[in-house]
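Shown next, in structure tokens, is the structure this report addresses.
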């Protein structure tokens, strides 16, 4: 009987996904289903945001916003072209990027930029893309570049 319960628990947890959570759900119930979030951010009005990420392998990051009573208000998938386009160059900081998009898939450096480049994978109209956010040594976002994300083994001649 114990093995059956274990298998059932594993199968049920495999179905858990932030985008399946419904408004009105209690915070404790959401945490029980999804586990610990990557980060928690306090919002105005005694509200709270939990961030769940599928990176590095996935292409989705979710914000789950809870009201002051601990009830889910909304779920939003934030790795979108529209959200990345809202990054304010020379204004946003590394903390703003991480608070909004979570940890990047990849952090790298190049010779022509004095800082880190944070890379996020996302889908844009069913096309796999990458957003490369250039953050200087002072922690300020200086550039945002988009590129196509060609899957390994995809040898199509474009």
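Each reported figure results from applying straightforward, stated rules to the coordinates on display, with no laboratory input. Computed from a predicted model, the values in this text were never measured in an experiment. Heads up, the Cβs are rebuilt from the backbone with ideal geometry, glycines too, and the neighbour counts pull from every protein chain shown.
As an equivalent ellipsoid, segment 81-148 spans semi-axes of 19, 13, 10 angstrom, where each value is the square root of five times an eigenvalue of the C-alpha gyration tensor, largest first. As a calculated quantity, the FRET efficiency between residue 74 and residue 126 at R0 = 22 Å, using C-beta atoms, amounts to about 0.40.
Cα centroid distance between segment 21-65 and segment 127-150, in Å? One Cα centre to the other: 24 Å. The distance between label points at residue 108 and residue 81 comes to 2.3 nm (points 7 Å beyond Cα on the Cα→Cβ vector).
Run lengths n ≥ 4 of DSSP H only: what is the helix-derived mean residue ellipticity at 222 nm for the chain, with -39500 (n - 2.57) per run over all residues, to the nearest 500? Before the final figure, lay out each step's value.
Numbers: 4 runs with 34 residues, N = 158.
Helices in the chain give a 222 nm mean residue ellipticity of -6000 deg cm²/dmol.
Only Cα pairs within less than 10 Å get springs; with that Gaussian network setup on the chain, which residue of 134, 38, 63 has the largest fluctuation? Looking only at 134, 38, 63, the largest GNM fluctuation is found for 38. Listed options for Rg/Rh (Cα atoms, Kirkwood Rh) are (1) 0.94; (2) 1.08; (3) 1.04. The value calculated from this structure is the one marked (3).
Peptides 107-114, 43-50 ranked from most to least packed, by the mean per-residue count of other Cβ atoms within 10 Å: 43-50, 107-114. Output the relative contact order of the chain, whole-number percent, from Cα pairs under 8 angstrom with separation of 6+ residues. Relative contact order comes out at 16 percent. Top mean-square fluctuation among 19, 125, 148, Gaussian network model of the chain, C-alpha springs under 10 Å? Of 19, 125, 148, the most mobile in the Gaussian network model is 125.
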